[in-house]
Amino acid sequence: MTEPILALSDIAKSFGGVQALKGVSFDVRPGEVHALLGENGAGKSTLIKVIAGIHRPDAGEMRVAGDRVHFASPRDAAAAGVAVVHQELLLFPDLTVAENIFLGHAPRTRLGTIDWGRMRAEARRLLDELDSPDLDVDRRIGSLSVANRQRVEIAKALSQNARVLVMDEPTAALSDADARRLLDVVRRLRDRGVAIVYVSHRMAEIFALSNRVTVLRDGAYVGTRDTAAITEAGLVEMMVGRSIDQLFPKTDVPIGAPVLEVRGLSYRDVVTDISFTLHAGEILGIAGLVGSGRTETALTIFGITPATAGEILLDGKPVAITSPGQARDLGIAYVPEDRGQQGLVRPQTIRENLSLAILGRIARGGFIDTAREKSLAHDLFARFGVRARGIEQRVRQLSGGNQQKVVLAKWVATEPRVLIMDEPTRGIDVGAKAEIHALMSRLAGQGLAILMISSELPEVLGMSDRVLVMSGGRIVARFDRDGADPKVVGAAMTGSAGGEAAA
Amino acid sequence: QSAWTGGDDLPTNPLACDGTPAAVASKPYDGGSPTNAPDRKGKPLNVVDVPKLIGIGYFNATSKGIADAAAELGNVTAKTDGPTQANIDQQISFIDNYITSGVDGILFAANDPVAIAPVLKKALAAGINVVGYDANSQPDARQWFVNQAEFNGIAKAMIDSLAKESGEDASFAIVTSTFTTPNQARWIAEMGAYAAKCHPNLKWLETVEAQEDNVLSFNQATTLINKYGDELKGILGMTSVATPASAEAVTQAGKCGSIAVVGLATPNAMKPYVEKDCVKSVVLWNPVDLGYAAMYVLRAVADGTLEPGATSVKAGKLGELQVINGSEILLGAPFVFTKENIGNFDF
Amino acid sequence: MSAAAAPVPARSSALRRLVSGYGQELIILAAIVALMIVVGLYNPRFMSQSNLTSIFAGNAYIAVAAIGMSMVIISGNIDVAVGSLIGVLAVLSGTLAVGGYPIWVAWAAPVVVGILVNAGVGALVAYARIPSIVVTLGMLSILKGGLISVTAGAWITGLPEGYAIAQARLFGVPAPVWFMVVLTIAAAWWMRNSGFGRTIYAIGGNPEAARASGIRIERSIVAVFAIHGFFVGIAAVLFATQLQVIQSTVPPNLELTVITASVVGGVSILGGTGTVIGSTLAAILFAAIGSSLIFLNVSAYWLRAVQGLLILATVLADMARRHRIR
Amino acid sequence: MTAALRPFLRHEAILFVLLVAALFVLAGQSDRFFTIANLLNQGRLMTEIGLVALAMTFVIVTGGIDLSVGSILGLCAILLGVFWQNLGLPLPLAMGLAVLVGGVAGLVNGLIITRFRVPPLIATLATLALYRGLAEGISQARSVRGYPDWFFVLGQGDLAGVPTQLWILGLLTLVAGVVLGMTAFGRATYAIGANETAARFSGVPVDRVKIAIYTASGLVAGLAAVIFVSRVSTTRSDMGTGVELDVITAVVLGGTSIFGGRGTIIGTAIGLVLIQALKNGLALAGVKGDGTIVVIGLVLILAILASNLFSREDG
Ligand SMILES: Nc1ncnc2c1ncn2[C@@H]1O[C@H](COP(=O)(O)OP(=O)(O)OP(=O)(O)O)[C@@H](O)[C@H]1O
Ligand SMILES: Nc1ncnc2c1ncn2[C@@H]1O[C@H](COP(=O)(O)OP(=O)(O)OP(=O)(O)O)[C@@H](O)[C@H]1O
Ligand SMILES: [Mg+2]
Ligand SMILES: [Mg+2]
């Protein structure tokens, strides 16, 4: 068996009070994919940041190809041949795709200046490798969707043709189709002999891809297994320390009266002629590829980008929604897809974030009723099982999944009648995912009308009463629960078949 | 034509063209007086001088004069302190602080005659002797004001030299500091009146602002030269910053001789141009003397030798100085520096 | 892939990239040309060689300072002490010149000192984590007060022959213009094509990401300020050698002029975008505006109001353009 | 107080210690420094800056800045005179209108910033020139004088032994402190400064809040103008020149982050007092004006440096 190219032993790391990692040992060999698994807040990203030279471990040692290393900065890590795709994307909004990919190691001319021609060509090649021929290398990152930024981030890591490639939830932002393409890329790299550390909450990927899997729980090392030798149930057991009842527990609740009705809704050229009706107690799923305009649709209903045509009716009464505040007061809540940017005020505390959308309600005559605010925050904190020091911890310091829980909690706190969720379980561990799904159906059970945008087909199919499929800003197909099976929906998404299919 | 831009709207009093001094109607003392000031006769004085701003040649000169006088008088300690920009608010704060610190006398050159009045009155109320120089305040806010030269006197000197150097029908422009600076505004107004009266054919083109900034002054003057070409025959510099800068502009434009530069300025800054014959005459009282006189007047007031109603005061090497309109002391006629005498001055 | 992506390839036509990449520069250039034509027709002397000279040469030092300022702003920082530093360095230069030192020393010293001082500022920003506006606000007072305490505001006169580099000419073109043009082009080229140039943009765009991509942020910040110091030094020499005398006070509001030139020139105050060409053009535009208003006989009382309006107009034009790009 | 503020309360603690130390040292330098009379008088002198600094704290907490306050002050001062003398309006009305104009000027800033999405620094840099220009144009460099005596009560008079304007400053400081620290509006202000997008996505009326804040900034500048005119009993178009830098210095010295999202009124207040104490105390101790500026510059840098060293974690 080949020597590990990267080996860590007894790594420990704590932040102030939080012991994020303790006694973690981990190694990865050339030509293998080593999956890293654990609940939200288990310490995966922290471990990766240690490998990337962003955090210095408090204890433990790290070896690359057998020799002891100390990464004082990401620079050292890169020099040692370690490339990282981080969970929260680290890109430069005002630089072009090509520049982002090659920042710091751009191809040079003989004069030692940047060779723009070659840089753009190289970027082109890398993106084609990722099957994104449509992504323009001269486009500003700022104007790209989450998914495309993810692609750029990966291309960036590939561009350093590293010996060790670390990927922290690379497929979180990708639709299944895109995810599958990415997996092919990863396999190709593996076969080239690159050692790959792969973090994901998607069990399917773990089994499809990895040779070995290491599980963390609450920052502690639980164990390493050969993927071949363990079952999904077993892994979940290791992760959460208990077994989880099945996912997607959509309990059938009586569908009530129409709550939200949308007729011929359009926004510029990104959303065209969207019509649907959402009933109380119903979960309406929207499937589609990246760029299909699902988020834009949500933004339009929520008043961020007010509709340029069509009408919106609440309880049959037409309403003109021109601002999020208005939408909120009408009982519409939107859990955005970009958690860090749109969902949370990361420098502020959990409590402050939880009360941001209900300032009006927790304030008496403009004055914030702090007692009320605190109790509210404590309730939500408990109800959503957020893993953190307490409601006064800064959201910035929470793990991805826990951040998502805070966003959810914040919007549920507004007691909405219509809840729009954009990628509600993106980057969330199986346990939390189950909790959130359970919560969704509980809310639906209480008569809440839920519009769920998800790029994860199983989720859409599992949770939805009905499914809309969008492509190019239009609704291209509608299915009801029974009519919706992965094949036809997938086909409709890619537009290859289906069209206005069943129902 | 209408009043020149930059002049104020106070009544003007142009002198006679032939220079026969205007009959000065003697006015009763209209200055203020400190309330129960201690007897300072012959006692050591602690004096502060707060000019409009520090860090420009002109007030360095006045401050030098004050220091000289203080040294001559012996038992006076004088120091100059003030804002770095001609800013009334800061000047008030400075004076206020010195009132608190308990000086015996305050010398000032006001950025604004009215705005500075309240704090000066406060000083008088605190029994401090207050004497102004260069830029006056409301009379009742101080005891005496040492007047370097009457506004109409300066105006006459400037306009006469301009007409002499560039011709009776010359077109000319003015470079001033800012339109809100009281002295400059007064001079411009008086010049307008005097020109209308004695040199009706002089053609005023325009007035430009240039702060107390010599590069800006240079650029403004250059722009004027470019704009009017040969039509421009003269430039009047209203400040010790604007005048040398204008001279420089004329020099660099190669217009020496064809554009006359007349203005208020300190000799040192003007020497290069006067020696190069680019500037024939610089109008200015001697600011060192101005400060010197102010210091002597303050001493005299403190000693009680200069009392309301006095008609003259002794000012060391300057001899007897006349008291004019009520509570002002006239330094004398403005001084005209020329190639011959400018070498003898260093300030 | 999706419809959203369809228009993408079309977007990368060379012209498109020029417009979106140098839009603001083009707008300002157009503004300058328009201004010249209009005022030139109104009063031909405006276009006279001597007037153009005074517009360009007389304000070159602002443009040169704006180059460094732009880099600082692009890196996500700002320098409000630039005016005071120019004042101090100018006096330093003059003092050395009259102090009998060789003229090249009088020219080089400000540049060196400028680099050192601003490197210090950069160090405080980068290593002590003090926001640049705080450090430079402090420097502003320190330099301003210090200058007066030291010089007591005494003017520097009797400068030696051959010192006045700003009054020299090469092929009939004033030296300051040469400095302005050459430095701008060099800086622009360097900003676009050198690794470090891009680093500056990266740091301004997303420091966290820059660190994660292995950029040594601290050193880079110090370097940016040091380079800024270099340009400030040159600006100071041009400033000092314009006239026969040097005023020992800091030029009033110069920092605002320089910053305005940079930001109106298209440098995003949020960091990460902009070019030094824009700032130089903006500096020229403002000089031209200032001069043209006199030529157009705008009432001296209303001059600054009109100036303000024009600045606002330029800014709004830029914003309108950006929204169209979006 | 909310947790987001805790580290900055720490900054304020440091600053407060610094202030106390400064007071002791200065009191040691001159026995005329630590007297009620002098301290009250200093209050009078710092009122205009103080008022503007209160609003500026809000502005900077939203991540913005307002460089035009000095010019607004000048404009309002001029208009006070014009309304009263040239238009012959009753003085109280003229005062009201002057303050109102300040509000309008601020509103314009707010609109440029929110509607046209112009970065605050650029927008107010432009209006800095514009408003000053208007002041000069309208005044034609004439100053208005000769106000009735009752008018001077505001700027030169006392109320219960305390300078009249100090009451106003105290009152508004209290109001500002409460609004920023305890109300929904204040919370929205912090949220906007920390992450504007998230605030918008949470239904916070971002643009309205910003416009309100810039308008307020203009209003207090107008109020400061009236008080200033009453203190110096005349109007000039160059009033308030350079005020913006003094104000910003006080605010950042007070621990408000120039990047937005953090800061308190208490901090600003301490920053103000510290600066004024230095100006006055050093003068009494015989330090000249230029020396004083140097010290203030050093204090600013060192204070922020100190608090950085103490609160690294929360960076
Ligand atoms: N900068 C920080 N300061 C304080 N605590 C932190 C910091 N970063 C992470 N933590 C804590 O460390 C623990 C592990 O966080 P980490 O991001 O590694 O979890 P994760 O395994 O990546 O979870 P997810 O799957 O949701 O990304 C969490 O409890 C988190 O609150
Ligand atoms: N492939 C692409 N190339 C360029 N721009 C894209 C692309 N995909 C998306 N975008 C940008 O993002 C917008 C749509 O992305 P968005 O994320 O809203 O789609 P979505 O259907 O919500 O997909 P997801 O929510 O899964 O990211 C488009 O309007 C476009 O501006
Ligand atoms: Mg993670
Ligand atoms: Mg989306």
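Of all residues in region C:215-274, those that are of a type in the set (V, I, T), closer than 20 Å to C:A188 by Cα and either within 12 Å of another protein chain (Cβ to nearest Cβ) or in a loop (DSSP other than H, G, I, E, B) (or both) total 8. Against the list (1) surrounded by fewer than 24 Cβ atoms within 10 Å (Cβ to Cβ); (2) at positive phi, the condition D:G240 fails is (1). D:A37 fulfils the conditions (1) touching a residue at least 40 places away in the same chain (Cβ under 8 Å); (2) within 11 Å of chain B (Cβ to nearest Cβ) except for a single criterion, (1). Restricted to region B:93-116, and to residues there that are facing chain D (nearest Cβ under 7 Å) and either touching an Asp or Glu at 6+ places or on another chain (Cβ under 8 Å) or aliphatic (A, V, I, L, M) (or both), the residue that is surrounded by the fewest Cβ atoms within 10 Å (Cβ to Cβ) is B:V114.
Looking for whichever is within 16 Å of ligand 3 (Cβ to nearest atom), within 14 Å of chain C (Cβ to nearest Cβ) and not in a helix (DSSP H, G or I) here; the options are A:V137, A:V197, A:V166, A:V215. Which one fits? None of the others qualify; the one that does is A:V166. Selection of region A:426-481 for residues being of a type in the set (S, T, N, Q) and either in the same structural domain as A:Q403 (by TED's automatic domain parsing) or not in a strand (DSSP E or B) (or both) yields A:S441, A:Q446, A:S454, A:S455, A:S464.
Take the residues of region A:104-120 that are among the small types (G, A, S) and within 30 Å of the chain's Cα centre (by Cα): which is surrounded by the most Cβ atoms within 10 Å (Cβ to Cβ)?
Result: A:A106.
Going through (1) more than 8 Å from every other protein chain (Cβ to nearest Cβ); (2) out of contact with any helix residue (DSSP H, G or I) (no Cβ under 6 Å at 6 or more places or on another chain); (3) buried (at least 24 other Cβ atoms within 10 Å of the Cβ) one by one, B:A196 falls short only on (3). When A:Y267 is tested against (1) at pLDDT 90 or above; (2) away from ligand 4 (no atom under 16 Å from the Cβ); (3) of a type outside the set (V, I, T), exactly one condition is not met: (2).
Checked against the criterion of being within 21 Å of the chain's Cα centre (by Cα), away from chain C (no Cβ under 14 Å) and either polar (S, T, N, Q) or within 16 Å of ligand 4 (Cβ to nearest atom) (or both), the candidates A:S175, A:S210, A:S132 yield just one match: A:S210. Any chance region B:201-216 includes a residue that's out of contact with any Ser or Thr (no Cβ under 7 Å at 6 or more places or on another chain), in a helix (DSSP H, G or I) and either farther than 24 Å from C:V298 by Cα or among the aromatic types (F, W, Y) (or both)? For region B:201-216, residues out of contact with any Ser or Thr (no Cβ under 7 Å at 6 or more places or on another chain), in a helix (DSSP H, G or I) and either farther than 24 Å from C:V298 by Cα or among the aromatic types (F, W, Y) (or both): absent.
Might you let me know whether region B:67-78 holds any residue that is without any contact (Cβ under 8 Å) to a residue 60 or more places away in the chain, part of a strand (DSSP E or B) and either surrounded by 12 or more Cβ atoms within 10 Å (Cβ to Cβ) or more than 20 Å from the chain's Cα centre (by Cα) (or both)? Yes, region B:67-78 contains at least one residue that is without any contact (Cβ under 8 Å) to a residue 60 or more places away in the chain, part of a strand (DSSP E or B) and either surrounded by 12 or more Cβ atoms within 10 Å (Cβ to Cβ) or more than 20 Å from the chain's Cα centre (by Cα) (or both). Listed conditions (1) more than 9 Å from chain C (Cβ to nearest Cβ); (2) under 23 Å from B:Q148 (Cα atoms) are all met by B:Q211, apart from (1).
Here is a yes/no grid of residues against (1) away from ligand 4 (no atom under 16 Å from the Cβ); (2) of a type in the set (K, R); (3) buried (at least 20 other Cβ atoms within 10 Å of the Cβ):
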| site | (1), (2), (3) |
| --- | --- |
| A:K156 | yes, yes, yes |
| A:R180 | yes, yes, no |
| A:V186 | yes, no, yes |
| A:G193 | yes, no, no |
| A:I196 | yes, no, yes |
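In the set (1) in contact with a helix residue (DSSP H, G or I) (Cβ under 7 Å, 6 or more places away or on another chain); (2) in a loop (DSSP other than H, G, I, E, B); (3) facing another protein chain (nearest Cβ under 10 Å), the condition left unmet by C:N297 is number (1). Applying the condition of being out of contact with any Lys or Arg (no Cβ under 9 Å at 6 or more places or on another chain) and not β-branched (V, I, T) to region B:71-84 and asking which residue is farthest from B:E212 (Cα to Cα) yields B:G74. Scanning region A:273-300 for residues that are touching a helix residue (DSSP H, G or I) at 6+ places or on another chain (Cβ under 6 Å) and within 11 Å of another protein chain (Cβ to nearest Cβ), which turns out nearest to ligand 1 (Cβ to nearest atom)? Step by step, filter region A:273-300, then rank; the result is A:V290. If a residue must be surrounded by 19 or more Cβ atoms within 10 Å (Cβ to Cβ) and over 26 Å from A:K433 (Cβ atoms), how many such residues does region A:30-49 contain? Residues that pass the stated criteria total 1. In the set (1) within 13 Å of ligand 1 (Cβ to nearest atom); (2) more than 14 Å from the chain's Cα centre (by Cα); (3) crowded, with 22+ Cβ neighbours inside 10 Å; (4) away from every other protein chain (no Cβ under 11 Å), the condition left unmet by A:V395 is number (4). Within region B:302-311, one or more residues are at pLDDT 90 or above, part of a helix (DSSP H, G or I) and within 21 Å of B:K43 (Cβ to Cβ). Taking the criterion of being part of a strand (DSSP E or B) and either more than 16 Å from ligand 4 (Cβ to nearest atom) or surrounded by 22 or more Cβ atoms within 10 Å (Cβ to Cβ) (or both), would at least one residue in region A:291-302 satisfy it? Looking through region A:291-302, none of the residues is part of a strand (DSSP E or B) and either more than 16 Å from ligand 4 (Cβ to nearest atom) or surrounded by 22 or more Cβ atoms within 10 Å (Cβ to Cβ) (or both). Here A:R339 passes the criteria (1) closer than 24 Å to A:L354 by Cα; (2) more than 16 Å from ligand 3 (Cβ to nearest atom); (3) basic (K, R) except the one numbered (2).
Residue check: A:V407 meets all listed conditions (1) within 14 Å of another protein chain (Cβ to nearest Cβ); (2) more than 16 Å from ligand 3 (Cβ to nearest atom) but one, namely (2). Check whether at least one residue in region C:3-15 is touching a Leu at 6+ places or on another chain (Cβ under 8 Å) and either modelled with pLDDT under 90 or part of a helix (DSSP H, G or I) (or both), and report yes or no. Scanning region C:3-15, I find at least one residue that is touching a Leu at 6+ places or on another chain (Cβ under 8 Å) and either modelled with pLDDT under 90 or part of a helix (DSSP H, G or I) (or both), so the answer is yes. Within region D:164-186, restricting attention to residues that are part of a helix (DSSP H, G or I) and of a type in the set (V, I, T), the residue that is nearest to the chain's Cα centre (by Cα) is D:T173. Residues considered: B:V261, B:V282, B:V323. Of these, the only one that is of a type in the set (V, I, T), touching a residue at least 12 places away in the same chain (Cβ under 8 Å) and in contact with a Pro (Cβ under 8 Å, 6 or more places away or on another chain) is B:V282. Being closer than 26 Å to B:S177 by Cβ, crowded, with 24+ Cβ neighbours inside 10 Å and away from chain C (no Cβ under 14 Å) is a property that does not hold for B:L298.
Just checking, which of B:D96, B:D140, B:D89 is free of Cβ contacts under 8 Å to residues at least 12 places away in the same chain and of a type in the set (D, E)?
Matching residue, one of B:D96, B:D140, B:D89: B:D89.
The values are calculated or read from the model by the stated rules, or taken from the named source; none is laboratory data. None of these values were measured; they are calculated from a predicted model. Quick reminder, even Gly has a Cβ in these numbers, built from the backbone with ideal geometry, and neighbours come from all protein chains shown.
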